[in-house]
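Encoded as structure tokens, the structure appears first; notes follow it.
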Amino acid sequence: MAIRRQSHQVTIKDIAIRLQMNHSTVSRALNDRSHISEETRRRVREMANELGYVANLSARMIRGDAGLLIGLLIPDVQNDFYSRISKELADRCRRVGLRMLLAISEDDPFTEQNEIRALAEARVNGVIATLTSQPQPASLAMLKEMPTVQLVRHVKNFKKAAVCMEDQAGCETATEHLLALGHRRVAYIGTTEAISSGHDRVRGFLNAHKVRKISPLAGGVELVPPRQSYGYDGVARLLSLKQRPTALVIGSSELTIGALSALRKAGLLIPNDISVVGYGDPVWFELLSPALTAVKLPVATLAHTAAQQLFAQIEDRKAGKASKSGMTRIMPELIVRESTAPIKKSRVAP
């Protein structure tokens, strides 16, 4: 049977007329309200699909419907880690009947402030946020008034729950792996210490040397903004050291492409000339030749934990209860592949 296209935007009233149902019954079925049979839900949804019905999200927001929208604020959607965690969180929101609004800060405090204001104006029920290193006071003030979970990074003295990785332990394990292979000229490139995760990762790198009572390579630490071009330039500087590193820890997934490009440009073979450990573990790390040893980040666990904490805060607010504001840290895992190898005597000289 041919479907007659509507000349106007289909409404709940149109569906009710076609099904000869009460308008309120159709509305409750579309919004998954209680006291509606599965058969009625099925019929309503099928007719809605047939007529091309699209929910009026703006009207529902104006009415202040509870449990509708969650905001996710991240620095960069092109970063593999953040795109994966966005998908995980969107899936979890969908399972409990929530929708997720995505906001991108570009790691800029003023853009971040505007995006947080937009989320607040959209009346989101809560926000999961990877904040910049120096958020504007107005940004923190707005987040303070709504359920909020900090993700991956945490802002000092901002008393909101945070779900982060054990970044210091993760980077310490990566560095220890290289030291155990005999490397003594291990270099590090990561994000600036102004970012909490950047601070923790470089601490892990240095602590691995301290535990073994080995002096770090002089000039062997580069701390840069989390962008590919900075990864390239930083590694180029490390390779120009008088004592060239025999191993490299890359403390940021976003710096990895630039770092590997710099190694290729220098004509270095991995791991023959230099051993490399990456941070994060996107699929393409395993597809490289040689496959990249990496600190694997627990994306699904991070997303699940952050979502559960935010949902709990939302329920606490409905019940008039205070929410916890502690820190939850999740351990990453070192995945050893082909890009790391024992030091060779031929590589001891510069």
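The values are calculated or read from the model by the stated rules, or taken from the named source; none is laboratory data. Values in this document were obtained by computation on a predicted structure and should not be read as measured data. When we count neighbours, we look across all protein chains shown, and the Cβ atoms used for this are built from the backbone with ideal geometry, even at glycine. Accessible surface is based on the protein model in full, side chains and every heavy atom, while ligands, DNA and RNA are left aside. Shrake-Rupley method; radii C 1.70, N 1.55, O 1.52, S 1.80 Å.
Mind checking which residues of the range 223-251 are in a helix (DSSP H, G or I), open to solvent by less than 10 Å² (accessible area, probe 1.4 Å) and modelled with pLDDT of 95 or more? First the steps, then the outcome.
Step one: of the range 223-251, the residues in a helix (DSSP H, G or I) are 228-239.
Going one step further and asking which of them are open to solvent by less than 10 Å² (accessible area, probe 1.4 Å), we end up with 231, 234-235, 238.
Scanning the range 223-251 gives G234, V235, L238.
For the range 198-205, check the following and say yes or no: at least one residue is at pLDDT below 95, open to solvent by less than 10 Å² (accessible area, probe 1.4 Å) and part of a helix (DSSP H, G or I).
Checked the range 198-205: at least one residue is at pLDDT below 95, open to solvent by less than 10 Å² (accessible area, probe 1.4 Å) and part of a helix (DSSP H, G or I).
In the range 147-172, how many residues are farther than 24 Å from G190 by Cα, open to solvent by 10 Å² or more (accessible area, probe 1.4 Å) and in contact with a strand residue (DSSP E or B) (Cβ under 6 Å, 6 or more places away or on another chain)?
Residues meeting the conditions: 1.
Scan the range 99-125 residue by residue and report those that are surrounded by fewer than 23 Cβ atoms within 10 Å (Cβ to Cβ), within 19 Å of the chain's Cα centre (by Cα) and of a type outside the set (A, V, I, L, M).
Answer for the range 99-125, where residues must be surrounded by fewer than 23 Cβ atoms within 10 Å (Cβ to Cβ), within 19 Å of the chain's Cα centre (by Cα) and of a type outside the set (A, V, I, L, M): R99, E106, D107, D108, P109, T111, Q113.
Condition first: over 20 Å from R95 (Cα atoms) and modelled with pLDDT under 70. Can you find one or more residues in the range 20-38 that meet it?
So far as the range 20-38 goes, no, none of its residues is over 20 Å from R95 (Cα atoms) and modelled with pLDDT under 70.
Taking the condition of being in contact (Cβ under 8 Å) with a residue 40 or more places away in the chain and either open to solvent by 90 Å² or more (accessible area, probe 1.4 Å) or among the aliphatic types (A, V, I, L, M) (or both), how many residues in the range 303-332 meet it?
11
Counting only residues that are farther than 24 Å from C93 by Cβ and assigned to a helix (DSSP H, G or I), which one in the range 284-301 is farthest from the chain's Cα centre (by Cα)?
If we filter the range 284-301 for residues that are farther than 24 Å from C93 by Cβ, which is where we start, we get 284-296.
Narrowing the set further to residues that are assigned to a helix (DSSP H, G or I) leaves 284-287.
On the way: W284: 18, F285: 18, E286: 20, L287: 22 Å.
Within the range 284-301, the match that is farthest from the chain's Cα centre (by Cα) is L287.
Within the range 84-98, take every residue that is in a helix (DSSP H, G or I) and farther than 15 Å from T301 by Cα and give me the one that is most open to solvent (accessible area, probe 1.4 Å). Please lay out each step first, then the result.
To start, the set of residues in the range 84-98 that are in a helix (DSSP H, G or I) comprises 84-95.
This time we only want the ones that are farther than 15 Å from T301 by Cα, so: 94-95.
Details: R94: 151, R95: 169 Å².
Per the stated criteria, the residue is R95.
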